[in-house]
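To keep things clear, I will list the structure first and then write my remarks on it.
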Amino acid sequence: MPIHPDTLRARFREHFVAEPRLFRAPGRVNLIGEHTDYNDGFVLPLALEKSTWVAAAPRAGKRVRVHSAAVGETKEFELGTSWPARRGAWVDYVEGMAVALMQAGVPLAGADLLIDTEVPVGAGLSSSAALELAVGRALIGVSECELTPVALARAGQRAEHEAVGIRCGLMDQLTAALGQAGHALLIDCRTNEATPVPLPLDDVSLLVVDTRVKHSLATSAYNTRRAECEEGARSFGASSLRDVALDAFHAREAQLRDPVRRRVRHVLEENARTLDAADALRRGDWVRLGQRMSASHRSLRDDFEVSCAELDFVVDTALALPGVLGARMTGGGFGGCAVVLGRHAAEAALSASLRAAFARWFGREPGLFFTRAGPGAGEVRA
Ligand code: GLA
């Protein structure tokens, strides 16, 4: 459900009896470049038009009171520089973000926050980065401080590593911070340089399909994949897989243990595919972009092993439908969403057929929405 600024303001007034400022940060969908960010590689995501919103006002002292409208809970904590114990709850992201900012030297003031979100949670659309960035923007805003978007993104990543325990890369936070309406971002995760690439969705459409599968193993499996990539890089004497060339890999791949060999192959080929996909996008070559997306899915399924039956079903079903140019899982995997690139003219038939096929096979409805690229995090002024 879209969030209306006036409704959010009214709820804040009711809850905290003060006049708030509003901040928001978007979720993201990744076109291609998966599990490459923490290997210093390339990614090509876009910010969604769905955001997490935070209404915020400063309060005297060093306390933060925060209400989640989605969960219907209020929590409180004292601003400080030590990491809180992990509770496995939404407030870990909020307090984690505050600690990361304080550790980065931002002198935060106490605040009252009310949070609501349009981003489906746990669906691989980066609801966590949206929460971190929206909270970060709000805390900085009401404290009358400044921080660059990249530094804000880094604080979000630290919160995730330390307060949540996922050793994520920086793609999600950078996309939430730097997203541009009408553009995908080609991000070089070695330098964190983001180049906007126009994404004109007139002849083609992007459909996001949420399998609504939430894997409880996701945290540990994600960290395991990352460790396997690091092991792969070490076996080439490299500090990251970015420094391993494909031909060097082919020359020595037999010496790598399985599954490390396949994990490395995915990352190296995915980097090449991502650069090629960005080039295809610049040239308006939708067919080539679609092919790269589908190849990325096969690699994530077979070599990186982060797909699942529901994601494979959506991708296979989509690829057999008229007007579909490419399809793949998006985000960390083990559940969550697939993204489908299709001809605009076939849009209505595509979503209806996918919905029906999924419901027939799994006995329940998937979530479906078309998206364009939205803007990055910011304050919403009245
Ligand atoms: C999650 C992480 C990102 C990235 C993707 C996989 O979304 O937060 O940093 O690693 O998985 O591409």
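The values are calculated or read from the model by the stated rules, or taken from the named source; none is laboratory data. Everything numeric in this text was worked out from a predicted model, so none of it was measured. Cβ sites come from the backbone with ideal geometry, for glycine too, and all protein chains shown count toward neighbours. Heavy atoms of the whole protein, side chains included, go into the accessibility calculation; ligands, DNA and RNA do not. Shrake-Rupley method; radii C 1.70, N 1.55, O 1.52, S 1.80 Å.
General remarks:
- Cross-link reach list, lysines versus LYS214, counting only Cα pairs under 20 Å and skipping chain neighbours closer than eight places: LYS50
- Prolate/oblate/rounded call for the stretch 1-53, Cα gyration tensor, a/c under 1.5 rounded: prolate
- Under 5 Å between amide hydrogens, built in the peptide plane, is the criterion, and for GLY326 it picks out LEU341 among residues at least 5 positions away or on other chains.
- The value given for the stretch 176-219 is a Kirkwood hydrodynamic radius of 13.4 Å, derived from the mean inverse Cα-Cα separation.
- With the helix formula -39500 (n - 2.57) applied to DSSP H stretches of n ≥ 4, the chain reaches a computed 222 nm mean residue ellipticity of -13000 deg cm²/dmol.
- As computed over the stretch 5-196, the Cα convex hull volume per residue (Å³): 106 Å³
- Surface analysis of the chain yields an accessible area of 39 Å² per residue, using protein heavy atoms and a 1.4 Å probe.
- The stretch 139-153-the stretch 262-283 distance, computed between alpha-carbon centres (Å): 33 Å
- Summarising the label geometry, the points placed 7 Å from Cα in the beta-carbon direction at GLU379 and ALA104 lie 1.7 nm from one another.
- The trypsin sites (Lys or Arg not before Pro) of the stretch 204-310 that DSSP puts in a loop, and whose beta carbon has at most 15 other beta carbons within 10 Å, are LYS214, ARG257, ARG283.
- Computed over the chain, the alpha-carbon pair-distance distribution with 10 angstrom bins reads 5, 24, 32, 24, 12, 2, 0, each value a whole percent.
- Split the chain at each of the GluC sites (Glu not before Pro) in a DSSP loop with at most 13 other beta carbon atoms within 10 Å, and the longest piece is 147-382.
- TYR38 sits with roughly 20 Å² accessible to a 1.4 Å probe, with DNA, RNA and ligands left out of the calculation.
- Once both labels are positioned 7 Å from their Cα atoms along Cα-to-Cβ, the gap between GLU269 and LEU246 label points is 1.0 nm.
- Rolling a 1.4 angstrom probe over the chain with all protein chains present gives an accessible area of which 51% lies on carbon and sulfur atoms.
- Kirkwood-Stokes translational diffusion coefficient of the stretch 274-319, alpha-carbon pairs, 10 °C, 1.306 mPa s, µm²/s: 141 µm²/s
- log10 of Debye I(q)/I(0), alpha-carbon scatterers only, for the stretch 89-209 at 0.09, 0.10, 0.11, 0.13 Å⁻¹: -0.26, -0.32, -0.39, -0.54
- ³J(HN,Hα) computed for each position of the stretch 111-125 - Karplus, 6.51 cos²θ - 1.76 cosθ + 1.60, integer Hz, glycine/proline x: 7, 10, 10, 10, 10, 9, 9, 9, 7, x, 8, x, 10, x, 10
- Diffusion of the stretch 153-240 by Stokes-Einstein, at 25 °C in a medium of 0.890 mPa s and with Rh set to the Kirkwood radius over alpha-carbon pairs, works out to 156 µm²/s.
- Hull shadow area, averaged, the stretch 257-382 [alpha-carbon convex hull, nm²]: 10.3 nm²
- Based on C-alpha pairs under 8 angstrom that are at least 6 apart in sequence, the chain has a relative contact order of 23 percent.
- The alpha carbon radius of gyration of the stretch 212-313, expressed as a multiple of 2.2 N^0.38 Å, is 1.17.
- Look at where the Cα atoms of the stretch 50-67 and of the stretch 85-117 average out, and the two centres are 9 Å apart.
- Working from the Cα coordinates of the stretch 77-143, the gyration tensor eigenvalues give, after taking √(5λ), semi-axes of 20, 14, 10 Å in decreasing order.
- Pairs of Cα atoms farther than 15 Å apart, the stretch 106-174, %: 54 percent
- In range of the label at ASP202: residues from the stretch 270-298 whose backbone nitrogen is under 16 Å from the point 7 Å along Cα→Cβ: 282-286
- With the simple model of a label 7 Å out from the Cα in the direction of the Cβ, ASP258 to ARG190 spans 3.1 nm.
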